[in-house]
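Inspection log for the structure reproduced underneath, given as structure tokens.
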Amino acid sequence: MCRPRAPLLDEPQLQTRHPSRFYCFGRSINRNVAWTWAAVLAQGLADSIWAGTVLVKFLNELLGNNAYVGYIEAASGAANLIVALPVGACADRLGKGRVARWGGALIPFGVALTAYAASYGTSHPPTDSGGRLSLLLLFVAVQCLWGVVSAVGNGPAQALYADSVATGERSHAYTALFVIYLLASVVGPALTIVLFESHGEAGRTWSLTPLRNVIFAGLGFELVAMGGYLMLRDKHAVGDEEPPTDGTRPASDAEAGGGGGSGGGSGEGGGGGGRGGCGGDGRSA
């Protein structure tokens, strides 16, 4: 008499996998957490490649005026400050995921305007005060747009990240987020070195053309970060999520990414300041 075949995986349990989680190798992770990690990784690379020292050097080389560079750098923080409170109110009313997606949708405009400004400045370096003033206004507009992108995207995304981590797990989750940003901030400058070296002597002297090309490379990672923002959903927050009952290890989203510990950005708002919510940013004050 033949015995019935034992299923390799319990079929009823297959149906209990929650749509708000990714499952892999016997573990699960909230989708918002995974997409936030992807966005922060790309942002960390972008910030460390173009939005810090490289941008400042490019502006100084182009405009020859440290005061102008300071005005441009301050524009991002000022725009962020002005927009942050209305954006927070919209996020509370319309949903954090929706507003974060709006921020992601603005990224291509920031990338396009920055690329245009860098290209125009490289091909038309100013020769008089009028030309320098025109470029100053152009780059102030660029930085204001990035300040708006930061306020619209990052604030709601960080709030949704906290809502997508179970209570008691947030210190671990924010430590993992901070570690991801720091790792990206280490890899980014290494890539920058390679990019400058590929330009030979011009790259070693940091002339306008290699600086512009490095900025372009950093902007490419901004577009990658956009994908992470566009995937965020309010329905994947923990409040709408049932505990996994499929035999996978339940829930430490931080453990799923290898993060741990309680230092370096603990608590619901942890991770430090910056555009990605967990590190410094050359565009934010």
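The values are calculated or read from the model by the stated rules, or taken from the named source; none is laboratory data. None of these values were measured; they are calculated from a predicted model. So basically every Cβ, Gly included, is an ideal-geometry build from the backbone, and we count neighbours across all protein chains shown. Only protein heavy atoms, including side chains, enter the accessible area calculation; ligands, DNA and RNA are left aside. Shrake-Rupley method; radii C 1.70, N 1.55, O 1.52, S 1.80 Å.
Could you check region 214-229 and list, in sequence order, the residues that are under 23 Å from residue 116 (Cβ atoms) and crowded, with 18+ Cβ neighbours inside 10 Å?
Once the filter is applied, which keeps residues that are under 23 Å from residue 116 (Cβ atoms) and crowded, with 18+ Cβ neighbours inside 10 Å, region 214-229 yields 214, 215, 217, 218, 219, 221, 222, 225, 226, 229.
Which ranges mark the helices (runs of 4 or more DSSP H) fully within region 147-258 that have 1 or more residues being under 30 Å from residue 102 (Cβ atoms) and either at pLDDT below 90 or not hydrophobic (A, V, I, L, M, F, W, C) (or both)?
Fully inside region 147-258 and qualifying: 170-197, 208-230, 253-256.
Scan region 78-129 residue by residue and report those that are in contact (Cβ under 8 Å) with a residue 40 or more places away in the chain, open to solvent by 80 Å² or more (accessible area, probe 1.4 Å) and basic (Lys, Arg).
Of everything in region 78-129, just one residue is in contact (Cβ under 8 Å) with a residue 40 or more places away in the chain, open to solvent by 80 Å² or more (accessible area, probe 1.4 Å) and basic (Lys, Arg), namely 98.
Does residue 79 qualify as being touching a Pro at 6+ places or on another chain (Cβ under 6 Å) and assigned to a helix (DSSP H, G or I)?
no
Could you list all residues from region 120-137 that are more than 17 Å from residue 216 (Cα to Cα) and either part of a helix (DSSP H, G or I) or among the β-branched types (Val, Ile, Thr) (or both)?
Across region 120-137, the qualifying residues are 127, 129, 130, 131, 132, 133, 134, 135, 136, 137.
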